[in-house]
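Inspection log for the structure reproduced underneath, given as structure tokens.
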Ligand code: ADP
């Protein structure tokens, strides 16, 4: 029992002492409450959101502390009550020395009280200690002895610098004066315990211990934030070294923080310089809304978008922005944070590739030939858009189709493809007929060679196709005109040869008639003369047509020219069962032109009409009418053939336009007609006849000073 007394602190021997103990207890309670209040007041909820995350748990810690303290205070109040009643007992019996038993009880109570106070502060997870201004540790909790590696008894009463080498005494003294003034200090302190090289970080709250009016020490509550600091340090390191730009901005776009990568990406020399830039200063167009921050409606999550910012030197830089908003407790966005990846080069490269692609496209489109690629399955895998001009189709009409699927293409193209792909020929060409979408036939020349893929494997054939219809028709035209010239010469000679016997026949038959033959003989002679005259007329016409074109223009009777042409072609028409219904106004005014050329015009129209009729039926009629208006003479040629489809009507006067199979038509007839009539300031028009068939109208201006030319009169060369 006496041992215990010796070891235990001395019990209070006077009532005043007890009161002092009680008030000390209440002061402590007050101190904790003040601590709690200041903690909560200082850290309002909104500001709490702005604090680094490791401080966020402080108020909760304070709350736990206050609950523990309340429990403790309740217990203490009971003990103090007991003490008071004991004291009262003592006082009542003033002058009476308390018994040994009473003193022992008192001492037990105080000891218990101290122990439970110690238990309370030991239960803190954080470091708690009281220190006097000269650095002597007055009270410490278990966490302090754990940290310093010494038992409580060896720590209390000793100077703190005996245990820690950082912060050093003089460093701590620097802030002492300010602490004495403000009586409160909070902040993070780096601590290095002697014998342990690892630096620890503590987030400390120091409150002054005041005796009377004087600050005598500080009560300290410290939380180990080393791990958080480590994380923070690693984050900072990452932030500083990351290749991507990182930013924090206010909702309106003002930058709050940026990493060095972003500073250099935007061409600024320092972070401070960039942070000073107004949000609109980062826009290419300063009048537009800021690009960073609340650029788009935010519903949470990370938004990824492409933005263009302005470098310091005003050049644009394209970024891939992945950012997200940070909200406060009441749902307001307080800032944006995001990463920026410079994709300018990537975009430029893409643009370049796109330009190259476009160039390739233009190249193929402006290439005079149609380019076709056909794969090993014999399907079109590429068709250049020249197909529109060449054959009136769209590339997609052919793409994916089999090469032999297309009707109206002669089979030479397929053979060409197969020859090349099979290796029979490495490079080959052919000519083939293809029908244009409008129905006209074209002659094409195709050249093909083998096509290989990127790995060098055979993937099909590439074929370039050129429309050679013009060349082909020119060729045919030359052959035809050569033939015609030869025929003309032949007919000329032939007509001359026939002229003499015919003249003789006519002369002899007239002589025989004059010599007074019998009635029956006279009748036969007259028939002979009639036929001989008809033959002479045909010969005359043949000679007229085969004569080389007379230089210069003549005044002509159009009716007579048409009549002559019809006569010339009468045999063929008769053979085709075609009747000519010819009616000319009498006394037609003259026109000016080359009779030879104009006969050619009429012959073309009659030939076309004949061919059209023969195409549709085995007999028909060509209706020819001539008349005149105030200033021109007209001739219409109407047939009862199939007529002209409205969609091809605008094309029929184009050179080489033909709907006839190759070899049948040159497509030059109508274009020659147009050219000839244009030369004499006339015109030709085509239309569909009201009852079906086609009608062509030729118009020529009336010759100046023109008077009627006798219908049977011949062309008179103008001098
Ligand atoms: P070609 O007769 O060699 O085809 P043309 O220039 O004379 O050349 O005629 C061009 C096209 O006009 C013909 O292919 C035909 O389609 C159309 N055509 C001309 N005359 C007639 C007609 N009387 N009836 C119907 N179509 C015609």
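The values are calculated or read from the model by the stated rules, or taken from the named source; none is laboratory data. These numbers were taken from a predicted model, which means no experiment stands behind them. Every residue, glycine as well, gets a Cβ built from its backbone with ideal geometry; the counts of neighbours run over all protein chains shown.
Assorted remarks:
- Residue match in segment 648-656 (condition: touching a helix residue (DSSP H, G or I) at 6+ places or on another chain (Cβ under 9 Å), modelled with pLDDT of 90 or more and either in a loop (DSSP other than H, G, I, E, B) or farther than 26 Å from residue 574 by Cα (or both)): yes
- Verdict on residue 222 being surrounded by 18 or more Cβ atoms within 10 Å (Cβ to Cβ), in a strand (DSSP E or B), within 60 Å of the chain's Cα centre (by Cα) and at negative phi: yes
- Every residue from segment 448-477 that is surrounded by fewer than 18 Cβ atoms within 10 Å (Cβ to Cβ), without any contact (Cβ under 8 Å) to a residue 60 or more places away in the chain and touching a strand residue (DSSP E or B) at 6+ places or on another chain (Cβ under 7 Å): 449, 450, 452, 453, 468
- Note on segment 407-442: residues that are at pLDDT below 90, more than 22 Å from residue 365 (Cα to Cα) and part of a loop (DSSP other than H, G, I, E, B) amount to 8.
- Check on residue 372, in a helix (DSSP H, G or I), in contact (Cβ under 8 Å) with a residue 12 or more places away in the chain and surrounded by 17 or more Cβ atoms within 10 Å (Cβ to Cβ): no
- Residues located in segment 252-273, provided they are under 20 Å from residue 322 (Cβ atoms), surrounded by 15 or more Cβ atoms within 10 Å (Cβ to Cβ) and in contact (Cβ under 8 Å) with a residue 24 or more places away in the chain: 253, 254, 255, 262, 265, 266
- Selected residue [over 24 Å from the mean Cα position of the chain (by Cα) and farther than 22 Å from residue 239 by Cβ] from 348, 332: 332
- Under the condition of being touching a helix residue (DSSP H, G or I) at 6+ places or on another chain (Cβ under 7 Å), under 26 Å from residue 577 (Cα atoms) and more than 9 Å from the ligand (Cβ to nearest atom), the residues counted in segment 623-647 number 4.
- Residue within segment 679-688 that is in a helix (DSSP H, G or I), away from the ligand (no atom under 11 Å from the Cβ) and under 56 Å from the mean Cα position of the chain (by Cα) present: yes
- The set of residues in segment 386-405 that are crowded, with 17+ Cβ neighbours inside 10 Å, in a loop (DSSP other than H, G, I, E, B) and free of Cβ contacts under 8 Å to residues at least 24 places away in the same chain contains only 386.
- Within segment 579-617, being over 27 Å from residue 631 (Cβ atoms) and either more than 12 Å from the ligand (Cβ to nearest atom) or surrounded by fewer than 18 Cβ atoms within 10 Å (Cβ to Cβ) (or both) holds for 579, 580, 607, 611, 614, 615, 616, 617.
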